[in-house]
Every structure is written in C-alpha cells, then in structure tokens.
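To start, the structure itself, in structure tokens.
The values are calculated or read from the model by the stated rules, or taken from the named source; none is laboratory data. Keep in mind that this is a model prediction, so the values were computed, not measured. Note: ideal-geometry Cβ built from the backbone for every residue, glycine included; neighbour counts use all protein chains shown. Surface areas here come from the heavy atoms of the whole protein model, side chains and all, with no ligands, DNA or RNA. Shrake-Rupley method; radii C 1.70, N 1.55, O 1.52, S 1.80 Å.
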Amino acid sequence: MSKKNGRILAVDDNEDILFALKLLLKSHVELVKTESNPANLQNILKKETFDVILLDMNFTKDAISGQEGFQYLEQILAIDPSAVVLFITAYGDVEKSVRAIKAGATDFILKPWQNEKILATISSAVKLRQSRNEVHDLKEKQQEMNSIMDQPFADFIGVSPGMQKVFSTIKKVAQTDANVLILGENGTGKELVARALHRNSVRNNEAFVSVDLGALSETLFESELFGHVKGAFTDAKADRPGRFELANQGTIFLDEIGNLSLPFQAKLLTVLERREVTRVGANKPKAIDIRLISATNMPLKDMAGQDEFRMDLLYRLNTVEIELPPLRDRPEDVPVLANHFLNNFSKKYKKAAKLGKGALNKLLHYQWPGNVREFQHVLERAVILSEGPMLTEEDFQLTAPKVSGDGFELETYNLEDVEKSIIEKVLRMNRGNISKAASELGLTRTSLYRRMEKYGL
C-alpha cells in the first residue's frame, strides 16, 4: 500500500487487538476507526461509510463457534449490501472459512497475523470496494439514462396512425429474440427504433452495439465486425475483438445493410447461421449470442430479385419488418415533434420558444426530404437565432421549391444541389434500385455509387 487509501472500521472486543490494528494501519490508509462493542455497528454504519470492515468472529469469552460474527455480518450486509468484510479469528479452519465466504465475507484473517499479509489483504479489499462503487455508479447512471430515454421512445414519438403501428410492433417484438429489419428513408429514425427494441428487450442490461456498414471500407469489414489477432495484418499490433464479440449477450444493430457487397453478404450469412465468429488471423471460432437488428433505406426485396442481395440473407434478417413512414406522410406528427424539440432546445439554450400559427403552417407544408433529422436541425437553428419567444415564419429558412420548365421541382439552382436532388428523386422513384436508377440517369452503377458517396446518400 504505497499511499494512504481507504477507510477502515475494525470491530473487536479486545482493546489490544484494536490498538495493534490502528498502529499498523494508520500510516497506510486514510482512516482507521475502531469499535469494541459490536452492538454499536448499526449506528456507526448509518452515519459513516467504510471501504473495509475488519470483524472479529467471536465476541463471547471462550466462544469458538463464530456464530456472533455471522450475525453481525448479516446486519452489516443488510445496511450496506456491497460492504467488504474481512473476518478475524484465532480459531480458523476450512469449514468456517468456506461458511464465511458463502455468508458474504470477502476474506478470512487468522490471529496472530503477519503484517505484510494483512496489509496486502486490506489493500486488495479496498480496491474491491472501490470497484463495486464504480460498478454501482455506472448502473445508476445507466438506469437514469434509460429512464430519460424511455419516455416512451425518447425522441422517437408520434401520434399518426403510421407511427402508432410502429410502436405497436415494437411492443410485440421487443421481448422476443426475433431478427428485425427496419426500413425507411434517411432521417426517419431507424436507429431510434433499434434502440427502443433493445431497451424493451430481455437483453436491455447488456451492450447495444451499432455498426454503420455504409461507413466501413472493404479492407476493414472483417476486422471491425469479427475482430483480429495480433500480427494478422500490418497494423494489427494487438488482439482486438470485433463488434459481434462486443455485442455478445446483447444486441447488434447493422445499419445501411443494403450497402454490403455480395462477398461480404456471404460472410455475414455464415456468422448468422453458425452463431460464431473467427477473428482475422485466428483458426478457432468464438461462439456468440446476439440479437440482430438491421436497417436500410434500400429495397432489399427488389435487389434480391436483381441478384444484388442474397435472398437467403434477407430471410435471416427480416423475421419481422418495421417500416418507418417519411415525415411528409405523417403531418399529424409535425406539431407534436415541434413541441417536443422546442421544449428540449429551450432548456438547452435557456431561451423561451413557442411556435406561431404561421410558422406551424410553414412547417406543415414543407416536404422534409431529410425527415425528422432535418426537422430537428431546423428547429434547433430557429431557437438559437430567434430574437423573441414566439417563432414566426421568418425564423425558419426553408427554401420554397423552385419549378423548372418541365415541372420538375428544384429547391435551388446550384448545380451540385440540383444533381443531388435529382439523384435522390430518381432513387426514390426506383425504390432504391441502383441498377434501374443508374440506367435512368444514364450512368454506370459505379458512377452512381461514386455520386451517392459524394453527396452522402
């Protein structure tokens, strides 16, 4: 024990023992409190907390059963379930040692003790207590976060029939381990659905691991998802678990799954069928137990018909499908979402903000190509830049659609924005089918992918 660390309570009816303990420990720990009457334990523990409690096992003269020690141990754990208790006795044997551990004690020290040994034991006990405190704090924070997020689905709210159907499906499916495929345009809240499924599942105390497959390069795919061993490739300087291993016992969310190439679709299918992963460079597979949720804005069924997506993988993914409606198809939700976001941003920026009638009409008549994500950003910007508590039409910089000569709606005349808008519209018209969209645009599939990457589509 190189520095003073820990608060210690020593309980023994032998004053000489208490004096010896205090003399030994005072230069190694922050505090040593001694108590010769165990009947005072409850009052002491209600007023103070200790990292380690040294408890004599026998308080009645000539007693060797240790029964009193077990009774006081029970009292201590009733007050503080995470207490670290070390029994001290002159009558140690294997039977009482095992019984003490089973009853909740952390370790067993014999009198007379060896100074080095008791110091090492107390040091380990202090570290154990601190670890328990850290775990407890983390659990409390997690519970608080969950309680905040589950109101009822965090920012994932709505009163429209389409959203009520989504909520109903989540409630039915969440408690199962069924694979779920979430469909919807960008910005509709697919990850929020995945998180709602996880939080309401039996795995909610385990990890939720989100993977954006669209952001993974082909060279990183296997390493990121399945892990690697040291030396597997040039930059593999240490063993590293993949996302599937990190999600073991919990939920893995594979976003943008429609972007997977056919070879990687085959690798993913193998993992899902065998329920095991093999790290890059390793020979031995590791078993995994995960709940799979995936999402895409692409029409996987149409892609499967065009041999662009494996049908057998699709069957694995979509035991249950949840389709999120775009914001333009759920106008009933615009006032609800507006109030929700305005309340959040008013607190965040300490500015009162309410929505005027004219501003609400403007929001209702906008098409929201970026869906709820765009809606949220527009509300936040309006709150930040507003000069008064009532938001008006002028507080929302939504460009009115421009119409070209052939009737095609444009939101801008900037060439790059026009190209992006056209690609978005053609992809939507073809339900995300890359081959059909590329043909209609007069591009190769590779050229279209390159433009999609450029514009973040």
**Asked** At what distance in angstrom do the alpha carbon centres of segment 300-316 and segment 257-277 lie from each other?
**Response** 13
**Message:** Could you report the accessible area of LYS436 in Å², rounded to 10, computed with a 1.4 Å probe on the protein chains as they sit in the structure?
**Reply:** 110
**Item:** the chain - percent of accessible surface contributed by carbon and sulfur, probe 1.4 Å
**Value:** 50
**Request:** Working from Cα positions, state the angle (0 to 90°, nearest 10) between the long axis of helix 15-25 and the longest principal axis of the chain.
**Result:** 50
**Complete:** Sites removed, the longest contiguous part of the chain containing no DSSP-loop chymotrypsin sites (Phe, Trp or Tyr not before Pro) with at most 15 other Cβ within 10 Å is 234-407
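Which FRET efficiency value, to the nearest 0.05, do you get for GLN306 and GLU276 by plugging their Cβ-Cβ distance into 1/(1 + (r/R0)^6) with R0 = 22 Å? Each step should come with its number before you reach the end.
On the way: r = 31 Å, r/R0 = 1.40.
So, using R0 = 22 Å, E works out to roughly 0.10.
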**Prompt:** Under a 5 Å amide H to amide H cut-off, with H placed in plane at 1.01 Å, what residues pair with SER210 once short-range neighbours are removed?
**Reply:** PHE253
**Message:** What number comes out for accessible area per residue over the chain if the probe is 1.4 Å? Units Å², please.
**Reply:** 54
**Complete:** Expressed in angstrom and rounded, the centroid-to-centroid distance over alpha carbons for segment 342-393 and segment 21-41 is 61
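Just check segment 150-301 against the gyration tensor rule for me: Cα atoms, a ≥ b ≥ c as the square roots of the eigenvalues, rounded for a/c under 1.5, and otherwise prolate or oblate depending on whether a/b exceeds b/c.
Numbers: a/c = 2.32, a/b = 1.80, b/c = 1.29.
The shape class here is prolate.
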**Item:** Selection of trypsin sites (Lys or Arg not before Pro), segment 339-392, meeting DSSP coil and at most 11 other Cβ within 10 Å
**Value:** LYS350
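Report the GluC sites (Glu not before Pro) located in segment 212-306 that are in a DSSP loop and have at most 16 other Cβ atoms inside 10 Å of their Cβ, or state none.
Working: sites: GLU218, GLU222, GLU224, GLU245, GLU256, GLU273, GLU276; in loops: GLU218, GLU256.
Those satisfying the criteria are GLU218.
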**Message:** So I have (i) 1.39; (ii) 1.02; (iii) 0.93, and one of them is Cα Rg over 2.2 N^0.38 Å calculated from this model. Which one is it?
**Reply:** (i)
